[in-house]
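Here the structure comes first, spelled out in structure tokens, and everything after it is commentary.
The values are calculated or read from the model by the stated rules, or taken from the named source; none is laboratory data. Since the structure is predicted, the reported quantities are computational estimates derived from the model, not experimental observations. Note that we place each Cβ from the backbone using ideal geometry, even for glycine, and neighbour counts take in every protein chain shown.
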Amino acid sequence: MTTQEDSAQGPAGDKPSGLSFDRIVFFSDAVFAIVITLLVLPLAGEVPASHPGGDLAREVYSLWPRALAFVVGFLVIARFWISHHRTWSHLRGYDTTLIGLNLGALLTVSFMPFPTALLGSRTDPGDQFPVVFFALSMGLTSLMFTATWLYAVWRLAPRGLVTGTPRELREFTIRSVATTAVIAGSAGAALFGLVPALVCWLAVVPVVRLGVARLIR
């Protein structure tokens, strides 16, 4: 027996738990905005209150690992925000399970400032744990986003609640799965240091996504 809460609903229908489609999207955007803002706090917290002897420039320069981590974290979360926007732009409705998956994805996004701060506090070049931990955290987030999309295609598309041609949906699906696979594999690259991991995150992922798109077309 299907209840109102478990049924998939479009923007014009009854909403599970009284939620509207726009409120779900706006709430998600607010989470991303807050998380991106939180990224700068470890960096701002290290600004020296005083700088005797004119060593302010040296102290600011010493913060470059945290600044680099901030930039990496910002780019990663911005990429997830774009992915979230593209996913929900294909949706015309939702159900309770999709809301739960979306909250799970937002939970992993909200966690990202912690591994980012850990990455910025890394002082020993031989200590790869912060890099691997960041890669694993990013991989978990990507997995949740891909799971949300796969559920939408599996359960909502047959009900007409996912827009796009079959080819567009197939391309989006393959790109999502490929991206998650590369990010998960970046944990292996992270074992060799920050530079190989950065290459994987900022170069390999875009190249793979572009390559997949060209192969499908």
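Summary of computed values
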{"quantity": "Matching entry among Gly185, Gly164 (being within 19 Å of Gln128 (Cβ to Cβ), among the small types (Gly, Ala, Ser) and surrounded by 13 or more Cβ atoms within 10 Å (Cβ to Cβ))", "calculated": "Gly185"}
{"quantity": "Which listed residue, of Gly185, Gly126, Gly164, is more than 28 Å from Leu43 (Cβ to Cβ), small (Gly, Ala, Ser) and at pLDDT below 90", "calculated": "Gly185"}
{"quantity": "Inter-residue pairs, beta-carbon under 6 Å, first under 17 Å from Gly45 (Cα atoms) and in segment 67-83, second at pLDDT below 95 and of a type in the set (Gly, Ala, Ser), 6+ apart", "calculated": "Ala69/Gly120"}
{"quantity": "Those residues of segment 148-161 which are more than 21 Å from Leu210 (Cα to Cα), out of contact with any strand residue (DSSP E or B) (no Cβ under 9 Å at 6 or more places or on another chain) and either surrounded by fewer than 14 Cβ atoms within 10 Å (Cβ to Cβ) or of a type in the set (A, V, I, L, M) (or both), in sequence order", "calculated": "Trp154, Ala157, Pro158, Gly160"}
{"quantity": "From the options Arg175, Arg155, Arg170, residue that is among the charged types (D, E, K, R), in contact with a Ser or Thr (Cβ under 9 Å, 6 or more places away or on another chain) and closer than 25 Å to Val25 by Cα", "calculated": "Arg155"}
{"quantity": "Cβ-Cβ under 9 Å pairs, at least 6 apart or on other chains, segment 188-209 side on the phi > 0 side of the Ramachandran plot, far side loosely packed, with under 13 Cβ neighbours inside 10 Å", "calculated": "Gly193/Pro125; Gly193/Gly126"}
{"quantity": "Odd one out for Ser28 among (1) under 21 Å from Gly93 (Cβ atoms); (2) at pLDDT 70 or above; (3) touching a Ser or Thr at 6+ places or on another chain (Cβ under 6 Å)", "calculated": "(3)"}
{"quantity": "Selection count, segment 114-132, where residues are more than 13 Å from the chain's Cα centre (by Cα) and either among the hydroxyl-bearing types (Ser, Thr, Tyr) or surrounded by fewer than 17 Cβ atoms within 10 Å (Cβ to Cβ) (or both)", "calculated": "8"}
